1. What are the principal axis extents of the Cα atoms in the stretch 1-104, in Å, biggest first?
2. Across all directions of projection, what mean area in square nanometres is found for the Cα convex hull of the stretch 51-131?
3. With runs of 4+ DSSP H residues as the only contributors, calculate the mean residue ellipticity of the chain at 222 nm using -39,500 (n - 2.57) per run, divided by the residue total and rounded to the nearest 500.
4. Could you line up 60, 15 from fewest to most neighbouring Cβ atoms inside 10 Å?
5. To the nearest Å, what is the center-to-center distance of the stretch 50-125 and the stretch 17-42, using C-alpha atoms only?
6. Which order do 25, 106 fall in if you start with the one that has the fewest other Cβ atoms within 10 Å?
7. Antiparallel versus total DSSP beta bridges in the stretch 2-116: what percent is that, nearest 5?
8. Per 0.36 nm of contour for each residue apart, how much would the distance between residue 87 and residue 133 grow if the chain were fully extended, relative to their Cα-Cα spacing?
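FYI, it's all coordinate maths here, none of it is from the lab. Since the structure is predicted, the reported quantities are computational estimates derived from the model, not experimental observations. Note that we place each Cβ from the backbone using ideal geometry, even for glycine, and neighbour counts take in every protein chain shown.
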Ligand SMILES: [Zn+2]
Ligand SMILES: [Zn+2]
């Protein structure tokens, strides 16, 4: 079990969790590039029920290339995108690693959607690289 917490930039939205981290990925998909304004994002996937959220994040829903419905939850004051959910992975929530306070727990296990990675993005050669989302 890993205990961690985090917040958006302004602190209006905070969260706490004490749970298994299912998977940590560096995602290079075009949607993450747009949603974060950065060339990739790092996501910690955990059980949604394990995350206690304080504050009132807004939601934005869109359809991914896969056809899945994606929901981004972000602070309506400062705009930080904190959470993301995928309709095909019910019960799981992705937490943006940059919002986590305990930086030492952020240990990505793989790079995904490398097909759309920006060429200058450094990647750890020791980590698996997947062209898309692995199963
Ligand atoms: Zn905020
Ligand atoms: Zn992505």
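1. 33, 29, 23
2. Orientation-averaged projected area of the Cα hull: 6.9 nm².
3. On the way: 1 runs with 7 residues, N = 135.
Mean residue ellipticity at 222 nm (helix-derived): -1500 deg cm²/dmol.
4. Neighbour counts put them in this order, fewest first: 60, 15.
5. Computed from Cα coordinates, the inter-centre distance equals 4 Å.
6. 106, 25
7. On the way: 34 of 37 bridges.
Here the antiparallel bridges make up roughly 90 percent for the stretch 2-116.
8. Gain on extension, residue 87 to residue 133, equals 15.1 nm.
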